[in-house]
Amino acid sequence: DVGGVQVKITNGFSKEEYRPSKQIEALETEGLEQLSYEEQVHDLSVLLKLLVRGVSNALWVAGRGGTGKSHTIERGLAEAGLRDGAGYFKNSGSSSAIGIYKLLFKYQNDIILFDDSDGSLADQDSRNLLKAATDTKSVRKLVWNKDSKNMADPDEIDPEDETDTRIPKYFEFKGKIIFISNLPINKLDPDGALRTRGLMIDINPSDEEILNFIKKIVDSITLKDNLELDHDSRLEVIDILTKNTRGRPDLRKLERALNIRAGLGNTSDVERMLRLYA
């Protein structure tokens with residue numbers, strides 16, 4: 001018996017508000033926040049392996065930007081023998097509800113990686129689709145009930161006709177979803193509905209933890225266009241970032257700064273350039 005999850009697409013309510021329960025607030029304060037940054041990154045890798053192995057249909061990743069969430073996920077997918085376009089599809093940026101429906105149809109048997117797509121969760125139609133697509137059943141029936149161009153009943157579509165580009169009004173989704181967000185966990189999942197449908201982790205290290213982690217992995221960061229930088233110069237970059245660069249430390253900023261430093265070569269402008277542009 002295949003379980004069906006029907007989604008009724010509505011306009012939602014503009015004033016709709018979600019309030020986390022006391023139980024959810026307790027989980028946030030007593031759970032993942034106690035883990036160190038390295039433990040969080042390790043657990044993220046383990047949770048990804050569980051998703052790839054079919055333990056869950058969804059992995060929700062919350063937390064501040066520049067902490068290596070996307071890098072860890074894409075590296076783990078590559079280690080599993082998957083790449084963008086062959087085993088998973090990466091959707092960067094926000095999408096409309098109908099856009100998400102079409103995306104779910106096109107990659108209905110694959111992993112779909114949503115990155116920098118927080119706007120999709122703000123739209124109630126999109127949120128309903130993602131909730132249905134990540135239900136705990138192995139096969140989930142998704143239905144689009146709004147009148148839209150290029151949509152048709154499945155019986156009207158000839159799968160053998162390559163010129164027929166219409167999308168069915170309903171289909172069975174067998175894929176998996178990874179959603180990476182820069183929102184804190186209580187805003188990513190304010191009503192607790194997403195965490196009941198999959199694995200969820202909060203990557204939220206302190207500045208000190210990020211700096212300590214950066215020092216450990218700085219030599220492993222690959223530079224662009226065959227640029228090279230020795231160990232001492234990499235440590236110099238970290239020192240400049242720590243003392244002078246505006247904003248909080250993060251891995252994106254480090255990678256950008258290392259590339260700038262390598263591209264500058266021997267010049268007296270290193271500190272000024274990193275301070276202003278890293």
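The table below gives the values:
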item: K146 surrounded by 14 or more Cβ atoms within 10 Å (Cβ to Cβ), over 13 Å from R197 (Cβ atoms) and at pLDDT below 90; result: yes
item: Residue under evaluation G4, criteria (1) modelled with pLDDT under 50; (2) assigned to a helix (DSSP H, G or I), criterion not met; result: (2)
item: Unmet criterion (only one of (1) of a type in the set (K, R); (2) in a loop (DSSP other than H, G, I, E, B); (3) more than 28 Å from the chain's Cα centre (by Cα)) for R248; result: (3)
item: Odd one out for L227 among (1) at pLDDT below 90; (2) surrounded by 12 or more Cβ atoms within 10 Å (Cβ to Cβ); (3) part of a loop (DSSP other than H, G, I, E, B); result: (1)
item: Filter result for T136 (in contact (Cβ under 8 Å) with a residue 12 or more places away in the chain and in a loop (DSSP other than H, G, I, E, B)); result: yes
item: Test: residue in region 51-64 that is of a type in the set (S, T, N, Q) and at pLDDT below 95; result: no
item: Filtered residue count, region 131-140, keeping only those that are more than 16 Å from the chain's Cα centre (by Cα) and crowded, with 19+ Cβ neighbours inside 10 Å; result: 3
item: Considering residues of region 194-220 that are touching a helix residue (DSSP H, G or I) at 6+ places or on another chain (Cβ under 6 Å) and not in a helix (DSSP H, G or I) only, the residue surrounded by the fewest Cβ atoms within 10 Å (Cβ to Cβ); result: L199
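The values are calculated or read from the model by the stated rules, or taken from the named source; none is laboratory data. All values reported here derive from a predicted model rather than from experimental measurement. When we count neighbours, we look across all protein chains shown, and the Cβ atoms used for this are built from the backbone with ideal geometry, even at glycine.
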